[in-house]
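The values are calculated or read from the model by the stated rules, or taken from the named source; none is laboratory data. Being a predicted model, the structure only gives us computed values, none of them experimental. All Cβ positions, even for glycine, are placed from backbone atoms using ideal geometry, and neighbour counts span all protein chains on display.
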Ligand SMILES: O=C(O)C1=C[C@@H](OP(=O)(O)O)[C@@H](O)[C@H](O)C1
Ligand SMILES: C=C(OP(=O)(O)O)C(=O)O
């Protein structure tokens, strides 16, 4: 198991980082580029392991996908020409790949088995399989619970009108992808608005969709058109450096080309409520997705309450690093309505509370969140990532406010979403306070 010891006492956080491509958008570029007929190109693609697994899966179906640096070329004869794969489709650690793939394969002409790593194989798939069964999909589990491995036998689907019981972009996207192959109009009503990258990218690929408030509709039988995708930087990756710059003892950092889609920017609202100084410059939009540069300055922070149901999907992946931020803020930070954190790569509520408390933080674990009492100084010590990339990166950033080195156990998983993470951390922590 790979372990890294991180010494960051008495350093400034400053300089500039170009944030790598967005994971959610990179997955969807491969998926839609494989569904349509023709040549799709993407730039600033995230070469994290999750997205590379998605690319490999569509290669197994007969799609030609070349990745050179962060440029991707996808050449497909369209979903109707896909071949049943000779091997199981391995999603690795990626929930997005598994859940969206279930929706895509449900109405395709092929049969395939979907597998994942030890963490993904424990995550719930019923949230996607049950509505797909309502559409007439044939998805079989080897076990009693609806978890991977699952075998999908593609067949004709009927449309549904559905309100997912959890606010989940993965569930919404799986149903919309299945709806593309259904014989009528599929409608998804959301309880709270979740990331809308699927909808934006469908439009980009010239599919007609209708969006009103919390409802999205899509008509089956559309073919779409190959296109060019520009992937903005991933705000979920930027989050680690936003927090690093805010909790550092000094410094100003610039994060370039960060995706600023409203459905993802909950962390910026929370940082503002906590008194953190973040300025946005160079705002622009490329291929349907807004982005900009963030300038972040070390700040005095105060606790806040994060519980609004509408806010949760806008920052769900950022909550582990926000929890670290809250340990450095004065007063109480309350996080509630976040029970989804318990079914991510690991149980992120228990992981965050147990790992940071072991370093001297004061975090109470709640069934659906946590209460963080700050500010607390942290000791050097060990953080186990539990194989979860976001917990590993949180541990590394904690070294900025710990009084000794932090040893992060199982760091290999960080390449799932941010392969350049340690290189970037090194780059912005070169200057000392003296
Ligand atoms: O659709 C997506 O790309 C994602 C949706 C979210 O999951 P849920 O749909 O389970 O909320 C998020 O946590 C995940 O990292 C990526
Ligand atoms: C939860 C995450 O991703 P996924 O669900 O795709 O594994 C994540 O990246 O934090």
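Being at pLDDT 95 or above, part of a strand (DSSP E or B), within 22 Å of residue 245 (Cα to Cα) and touching a helix residue (DSSP H, G or I) at 6+ places or on another chain (Cβ under 6 Å) is a property that does not hold for residue 391.
In the stretch 84-107, the residues that are farther than 13 Å from residue 30 by Cβ and without any contact (Cβ under 8 Å) to a residue 24 or more places away in the chain form no Cβ pair under 7 Å with any partner that is assigned to a strand (DSSP E or B) and more than 15 Å from ligand 2 (Cβ to nearest atom), whether six or more places apart or across chains. For the condition more than 14 Å from ligand 1 (Cβ to nearest atom) and farther than 27 Å from residue 192 by Cα, residue 287 does not qualify. You will find that of 303, 251, the residue that is modelled with pLDDT under 95, surrounded by 15 or more Cβ atoms within 10 Å (Cβ to Cβ) and outside the structural domain of residue 158 (by TED's automatic domain parsing) is 251 and no other.
Give the number of residues within the stretch 362-379 that are within 16 Å of ligand 1 (Cβ to nearest atom) and surrounded by fewer than 20 Cβ atoms within 10 Å (Cβ to Cβ). Steps first, answer last, please.
Of the stretch 362-379, the ones within 16 Å of ligand 1 (Cβ to nearest atom) are 368-369.
Imposing the further condition that a residue be surrounded by fewer than 20 Cβ atoms within 10 Å (Cβ to Cβ) reduces the set to 368.
Here the count works out to 1.
Restricting the first member to the stretch 367-391 and to residues that are over 16 Å from residue 354 (Cβ atoms), and the second to residues that are within 16 Å of ligand 1 (Cβ to nearest atom), the beta-carbon pairs closer than 6 Å and six or more apart or on different chains are 368/337; 368/338; 368/339; 389/413; 389/414; 389/416; 389/417.
Among the residues of the stretch 204-221, those that are buried (at least 17 other Cβ atoms within 10 Å of the Cβ) and out of contact with any strand residue (DSSP E or B) (no Cβ under 6 Å at 6 or more places or on another chain) comprise 204, 205, 207.
Let's see how each residue does on (1) away from ligand 1 (no atom under 16 Å from the Cβ); (2) within 29 Å of residue 236 (Cα to Cα):
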residue: 28; (1), (2): no, yes
residue: 35; (1), (2): yes, yes
residue: 45; (1), (2): no, yes
residue: 49; (1), (2): no, yes
residue: 66; (1), (2): yes, yes
residue: 78; (1), (2): yes, no
residue: 95; (1), (2): no, yes
residue: 98; (1), (2): no, yes
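Within the stretch 386-396, being under 16 Å from residue 239 (Cβ atoms) and within 13 Å of ligand 2 (Cβ to nearest atom) holds for 388, 389, 390, 391, 392, 393, 394. Would you confirm whether any residue within the stretch 135-158 is more than 16 Å from ligand 1 (Cβ to nearest atom), touching a helix residue (DSSP H, G or I) at 6+ places or on another chain (Cβ under 9 Å), at negative phi and in contact (Cβ under 8 Å) with a residue 60 or more places away in the chain? Yes. Condition first: within 16 Å of ligand 1 (Cβ to nearest atom), in a helix (DSSP H, G or I) and in the same structural domain as residue 360 (by TED's automatic domain parsing). Can you find one or more residues in the stretch 394-401 that meet it? Looking for residues that are within 16 Å of ligand 1 (Cβ to nearest atom), in a helix (DSSP H, G or I) and in the same structural domain as residue 360 (by TED's automatic domain parsing), one finds at least one in the stretch 394-401, hence yes. You will find that of 79, 67, 73, the residue that is surrounded by 23 or more Cβ atoms within 10 Å (Cβ to Cβ) and touching a residue at least 12 places away in the same chain (Cβ under 8 Å) is 79 and no other. Comparison of 357, 362 shows that the only residue that is outside the structural domain of residue 95 (by TED's automatic domain parsing), closer than 27 Å to residue 298 by Cβ and free of Cβ contacts under 8 Å to residues at least 12 places away in the same chain is 357. Looking across 382, 401, 352, one residue alone is modelled with pLDDT of 95 or more and surrounded by fewer than 19 Cβ atoms within 10 Å (Cβ to Cβ). It is 382. Entry remark, the stretch 84-103: residues being touching a strand residue (DSSP E or B) at 6+ places or on another chain (Cβ under 9 Å) and closer than 19 Å to residue 180 by Cα number 4 in total.
Only one entry of 307, 279, 318 meets the criterion of being under 24 Å from residue 418 (Cα atoms) and more than 16 Å from ligand 1 (Cβ to nearest atom), and that entry is 279.
Yes or no, residue by residue, for (1) touching a strand residue (DSSP E or B) at 6+ places or on another chain (Cβ under 7 Å); (2) within 16 Å of ligand 2 (Cβ to nearest atom); (3) assigned to a helix (DSSP H, G or I); (4) not assigned by TED's automatic domain parsing to the domain that holds residue 208:
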residue	(1), (2), (3), (4)
124	no, yes, no, no
127	no, yes, yes, no
130	no, no, yes, no
139	yes, no, no, no
144	no, no, no, no
159	yes, no, no, no
170	no, yes, yes, no
176	yes, no, yes, no
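Can you list residue pairs whose Cβ atoms sit under 8 Å apart, with the first residue in the stretch 225-238 being in a strand (DSSP E or B) and the second being modelled with pLDDT of 95 or more and within 14 Å of ligand 1 (Cβ to nearest atom)? Count only pairs 6 or more apart in sequence or on different chains. Hits for this filter: 229/25; 229/29; 229/201; 230/289; 233/21; 233/22; 233/259.
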